[in-house]
Amino acid sequence: MPRIATIGVYEFDASSFIRALDATGVTQVIDIRQRRGVRGSEYAWANARRLQALLAGARIAYEYHPELAPDTELRQLQYREDDRQGVGKRSRVRLSPEYIHAYTEEILDLAPLEPLVRRLPVHGIGALLCVEATAQACHRSLVAQRLAERFGFEVIDIEPTEPTEAELLR
């Protein structure tokens, strides 16, 4: 059975991010963020150019697939639900049903997935990348679910489990 992983940026630092990818056997990162920058100095490593250099140093391929990124209007739909529930993007644990429906209808149902599947590594695992720590709080879980349904992929959600170097130094 082919496998696809998902990973976010939050709660990782550069070292723990690469360790998590290596431990899972990831050889390609598929960036599906709309904006390839992350706010906060602790996540500067995840901004597009730095991330690509970090991955290249670890011999992990990088591809950007903006066709799978939610547009600003969709993101705002989720942010409104986050506000209603009193949670921030970094503490969200699940997507709203309205967002899931809109993302599926406006992005996922229209995006051809076959080209992405053909470009996945033969050796190793591809990992869908966004920012949220928890896959279920991010659209990457919807893409992974679709890949599982249509192409028989087993989904591996890589989530932070160990303290970052910065946390250990505190």
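Listed values (i) 0.99; (ii) 1.06; (iii) 1.14 include one computed from this model; for Cα Rg over 2.2 N^0.38 Å that value carries the label (i).
Of all the options Leu116, Leu21, Leu95, the one that moves most in a Gaussian network model of the chain with Cα springs shorter than 10 angstrom is Leu116. For Gln136, project a label point 7 Å along Cα to C-beta. Then give me every residue of region 78-95 with its amide nitrogen under 16 Å of that point. Hits in region 78-95 for Gln136 at 16 Å: 91-95. A Gaussian network model of the chain, with springs between Cα atoms under 10 Å, assigns the largest mean-square fluctuation among Ala61, Ala127, Ala46 to Ala61.
Taking the number of Cβ atoms within 10 Å of each Cβ as an exposure proxy, the fewest-first ranking of Tyr62, Tyr99 is Tyr62, Tyr99.
Please identify, among Val131, Val93, Val143, the residue showing maximal mean-square fluctuation in a Gaussian network model of the chain using a 10 angstrom Cα cutoff. Fluctuation is largest for Val93. Summed over qualifying helices (DSSP H, 4 residues or more, each -39500 (n - 2.57)) and divided by its residue number, the chain shows a 222 nm mean residue ellipticity of -11000 deg cm²/dmol. In percent, rounded to a whole number, the relative contact order of region 27-170 is 29, using alpha-carbon pairs under 8 Å and six or more apart.
Placing dummy labels 7 Å off each Cα toward the beta-carbon, the span from Arg94 to Arg119 is 3.3 nm. Each of Phe17, Phe151 was scored by other Cβ atoms within 10 Å of its Cβ. Listed from fewest to most, they are Phe151, Phe17.
In terms of surrounding Cβ atoms within a 10 Å radius of their Cβ, Val29, Val122, Val87, Val38 rank from fewest to most as Val122, Val87, Val38, Val29. Distance from the C-alpha centroid of region 101-127 to that of region 1-39: 16 Å, rounded to the whole angstrom.
Read-outs throughout are calculated quantities, based only on the coordinates presented, and are distinct from any laboratory measurement. For clarity, every value in this text was computed on a predicted model and none was experimentally measured. No Cβ is skipped: glycine too gets one built from the backbone with ideal geometry, and neighbour counts run over all protein chains shown.
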